[in-house]
Amino acid sequence: MVKKVYIKTFGCQMNVRDSEVVKGLLLAEGYKLTDDEKKADIVLFNTCSVRQHAEDKVWSALGNIGRSHKSQVTSHKLKKIETIDTGKKVIGIIGCMAQNYKKKVFQRAPNVDFIVGPSDINKIPDIIEKIVHRPSSIVHRTFCEVNDVRPEEIYHTGFREDKKHAYVVISEGCDNYCTYCVVPYVRGRLRHRPFKEILREIREAVDCGITCITLLGQNVNSYHDAGRNINFVGLLRDIACVCGIKELTFLTCHPKDTTKELFEAIRDIPVIKKSLHLPLQSGSDKILKLMNRGYTAKRYLEIVDQYRSIVYNGQISTDIIVGFPGETEEDFKKTFELFRDISFNGAFLFKYSPRPNTQAIELKDDVALEVKKRRHAELLKFQREVSKKKENRR
């Protein structure tokens with residue numbers, strides 16, 4: 001019987017692309033995909049560890065599966081069916097939570113059969129095969145090598161959820177080590193994909209009718225193919241020459257690595273969307289230093305001014321974290337003032353939550369939750385007003 005697989009994705013666009021990769025690999029092995037968890041033989045949760053809220057959703061989903069299975073077993077007993085394990089789902093946790101918690105996942109969720117970190121998703125079909133066909137010999141298989149280089153072929157399965165838009169990973173991992181961020185610990189050090197492989201993947205997508213491309217990386221503007229001496233702007237220019245692409249975007253830039261050359265490319269290359277996502281995180285130099293962001297509020301403002309002077313009517317969005325350890329009312333005031341003065345087109349606003357294995361876990365989480373909520377609400381209210389005004393002008 002053909003096994004059905006259900007995959008639920010939590011977190012960022014990188015996870016969305018990873019789920020596509022896993023689906024493509026499993027389809028190639030003869031599995032079928034289903035959108036109904038109840039009908040699935042194999043349930044995979046592709047997880048995020050960047051914020052506590054995302055993790056809570058995963059633990060809750062795992063608990064629901066456990067209760068569902070328990071009721072099924074009870075039902076089988078009432079009907080006196082001899083083999084009550086018939087229909088037991090294989091459950092896998094993949095992605096950042098698997099890497100961050102490793103075997104602790106099994107302690108909290110005993111119904112999980114295996115975990116796989118982001119660098120090892122190519123091994124998932126083999127692990128599932130062994131668990132399905134030899135359940136007594138392999139239980140709780142773990143693969144979590146954080147700095148493994150993924151085989152290039154996993155990006156060429158041909159499977160895409162969206163038939164007009166494609167996410168394309170250009171680099172994996174991160175070397176910035178922002179103190180609040182778990183990414184370097186769950187996705188490893190920065191590794192750039194070869195230029196020729198990125199172009200190959202994009203051409204394959206375009207050949208399938210895709211017209212919009214979004215390049216992904218924790219810090220896309222640090223991209224560099226040393227063998228060909230191609231930086232991020234060079235990559236953009238070559239991708240823009242691929243016939244059939246109507247729109248090219250990218251996520252995410254780091255302020256410390258942005259350049260005038262990048263802004264000129266956004267202005268001059270017709271297919272590049274005239275927008276920039278540039279995480280600020282805080283408007284306080286004290287907090288930025290504690291976060292290890294590598295720039296000051298003044299420098300960030302200079303970057304924004306340069307971008308707007310080069311890219312006419314260019315949109316800009318950002319990320320803000322409120323309630324980072326040590327953030328006083330004065331620090332928040334500086335964030336709000338800079339946030340107000342820049343007037344972003346959009347913003348993702350977050351309340352700080354301590355993340356295991358990050359440097360900031362050593363700092364005292366001394367901002368009360370009520371204070372975090374208030375600061376978050378103030379920024380959110382202001383951003384909604386700004387976004388509405390900008391939308392009405394269009």
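The values are calculated or read from the model by the stated rules, or taken from the named source; none is laboratory data. On a predicted model such as this, the values are computed, not experimentally measured, just so you know. As a convention, Cβ positions derive from the backbone with ideal geometry for all residues, glycine included, and neighbour counts pool all protein chains shown.
Suppose the filter is surrounded by 19 or more Cβ atoms within 10 Å (Cβ to Cβ), at negative phi, in contact (Cβ under 8 Å) with a residue 12 or more places away in the chain and under 26 Å from the mean Cα position of the chain (by Cα); does F324 pass it? Spelling it out, F324 is indeed surrounded by 19 or more Cβ atoms within 10 Å (Cβ to Cβ), at negative phi, in contact (Cβ under 8 Å) with a residue 12 or more places away in the chain and under 26 Å from the mean Cα position of the chain (by Cα).
Within the stretch 355-394, restricting attention to residues that are under 29 Å from Y185 (Cα atoms) and of a type in the set (D, E), which residue is surrounded by the most Cβ atoms within 10 Å (Cβ to Cβ)? Here the residue is D365. Could you go through the stretch 308-321 and let me know if any residue there is in the same structural domain as I266 (by TED's automatic domain parsing), out of contact with any Asp or Glu (no Cβ under 9 Å at 6 or more places or on another chain) and part of a helix (DSSP H, G or I). Among the residues of the stretch 308-321, at least one is in the same structural domain as I266 (by TED's automatic domain parsing), out of contact with any Asp or Glu (no Cβ under 9 Å at 6 or more places or on another chain) and part of a helix (DSSP H, G or I), which makes the answer yes. The condition of being under 30 Å from S282 (Cα atoms), surrounded by 15 or more Cβ atoms within 10 Å (Cβ to Cβ) and acidic (D, E) holds for only one of E197, E201, E172, that being E172.
Within the stretch 11-47, the set of residues being at pLDDT 95 or above, under 24 Å from T252 (Cβ atoms) and not in a helix (DSSP H, G or I) comprises F45, N46, T47. The residues listed here are V220, V186; of these, the one that is buried (at least 21 other Cβ atoms within 10 Å of the Cβ), more than 15 Å from R17 (Cα to Cα), of a type outside the set (S, T, N, Q) and in contact with a strand residue (DSSP E or B) (Cβ under 7 Å, 6 or more places away or on another chain) is V220. State yes or no: is K102 closer than 22 Å to G188 by Cα, at pLDDT below 95 and among the basic types (K, R)? Yes; evaluated as a whole, the condition is true for this residue. Among the numbered criteria (1) closer than 23 Å to Y295 by Cβ; (2) in contact with a helix residue (DSSP H, G or I) (Cβ under 8 Å, 6 or more places away or on another chain), which single criterion is violated by N231? Condition (2) is where N231 drops out. Checking each residue in the stretch 280-294 for being crowded, with 20+ Cβ neighbours inside 10 Å and either of a type in the set (D, E) or not in a strand (DSSP E or B) (or both) picks out L280, S282, G283, S284, I287, L288, L290, M291, R293.
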